Amino acid sequence: MRLVVLASGNGSNLQSILDACTAGRLDAEVAAVVSDRPLAGALRRAHRSGVPTEIIAPIDDETRRTYDIRLAEAVRHHRPDLVVLAGWMRILSSSFLDGFPDRVINLHPALPGEYPGIRAIERAFQDAQRGARSHTGVMVHLVPDEGVDDGPVIAVEKVPIDPSDTVDTLTERIHEVEHRLLVDAIAAWTLEHSSDTDPTRPRTEPT
Ligand code: GRF
């Protein structure tokens with residue numbers, strides 16, 4: 001199973017994927033890491049692991065669709081079975097998604113339908129501070145369309161917000177859950193789709 005990971009930031013979730021591949025907990029390889037930000041920590045992590053990288057930085061005045069066409073070309077070049085958005089900070093349009101139907105998954109630090117977009121952890125924390133909630137969560141979902149942090153859920157886990165939490169302690173706990181849940185979700189997806197890539201494995205015929 002060939003994974004292409006799209007990451008804009010630090011890349012701790014990419015690291016959990018790389019570690020799981022090395023340890024044999026994921027039957028997959030990271031074929032490439034693509035970033036929109038030349039200084040992304042994710043690129044350094046990929047280099048350390050000997051994984052090819054691509055920087056597809058947005059060009060001034062470029063439309064989202066034009067960017068997404070360039071991005072799709074770069075990703076397609078690495079022949080992914082699955083595209084993993086691990087801290088990818090751009091909304092993808094159909095110009096990208098149509099090239100990888102049912103093969104793009106996203107990690108979001110909130111429960112389904114809650115806090116789409118940026119600063120999801122901080123917003124949940126603020127709501128907890130004013131007594132409006134006592135938990136948040138993490139989800140991994142398919143990205144079928146341009147909806148933000150929305151799509152069929154592959155894995156989900158609730159994370160309690162403790163009265164003693166600060167935004168930093170909550171963020172740390174969420175990241176711990178993310179690192180585990182993302183690997184679990186990729187493993188589940190891989191298992192479900194292994195017959196798509198392994199010609200020796202018999203396909204289940206409809207009865
Ligand atoms: C994660 O919290 C992810 O859910 C969010 O951005 C963060 C990326 O962290 N979309 P990292 O770059 O993987 O460390």
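The values are calculated or read from the model by the stated rules, or taken from the named source; none is laboratory data. Computed from a prediction, not measured in an experiment: that's the story for all the values here. Cβ placement follows ideal geometry from the backbone for every residue including glycine, while neighbour counts extend to all protein chains displayed.
Before moving on, here are some points about what is shown:
- Meets criteria (free of Cβ contacts under 8 Å to residues at least 24 places away in the same chain, away from the ligand (no atom under 16 Å from the Cβ) and surrounded by fewer than 17 Cβ atoms within 10 Å (Cβ to Cβ)) for ASP102: no
- On the stretch given as the stretch 134-152, residues that are touching a residue at least 40 places away in the same chain (Cβ under 8 Å) and either of a type in the set (Asp, Glu) or assigned to a loop (DSSP other than H, G, I, E, B) (or both) total 7.
- Any hit, the stretch 47-59, residues being within 12 Å of the ligand (Cβ to nearest atom) and on the phi > 0 side of the Ramachandran plot: no
- Residue within the stretch 152-173 that is within 16 Å of the ligand (Cβ to nearest atom), basic (Lys, Arg) and on the phi > 0 side of the Ramachandran plot present: no
- Test: residue in the stretch 5-16 that is more than 14 Å from the chain's Cα centre (by Cα) and either within 25 Å of GLU146 (Cβ to Cβ) or away from the ligand (no atom under 16 Å from the Cβ) (or both): no
Listed here are the residues, each with its yes/no results for (1) within 16 Å of the chain's Cα centre (by Cα); (2) modelled with pLDDT under 95; (3) of a type in the set (Lys, Arg).
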{"position": "LEU85", "(1), (2), (3)": "yes, no, no"}
{"position": "SER95", "(1), (2), (3)": "no, no, no"}
{"position": "ASP98", "(1), (2), (3)": "no, no, no"}
{"position": "PRO112", "(1), (2), (3)": "yes, no, no"}
{"position": "ARG123", "(1), (2), (3)": "no, no, yes"}
{"position": "ALA128", "(1), (2), (3)": "no, no, no"}
{"position": "GLY131", "(1), (2), (3)": "no, no, no"}
{"position": "THR136", "(1), (2), (3)": "no, no, no"}
{"position": "VAL159", "(1), (2), (3)": "no, no, no"}
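- Hey, LEU39 surrounded by 17 or more Cβ atoms within 10 Å (Cβ to Cβ), at pLDDT 95 or above and within 15 Å of the ligand (Cβ to nearest atom) or not: no
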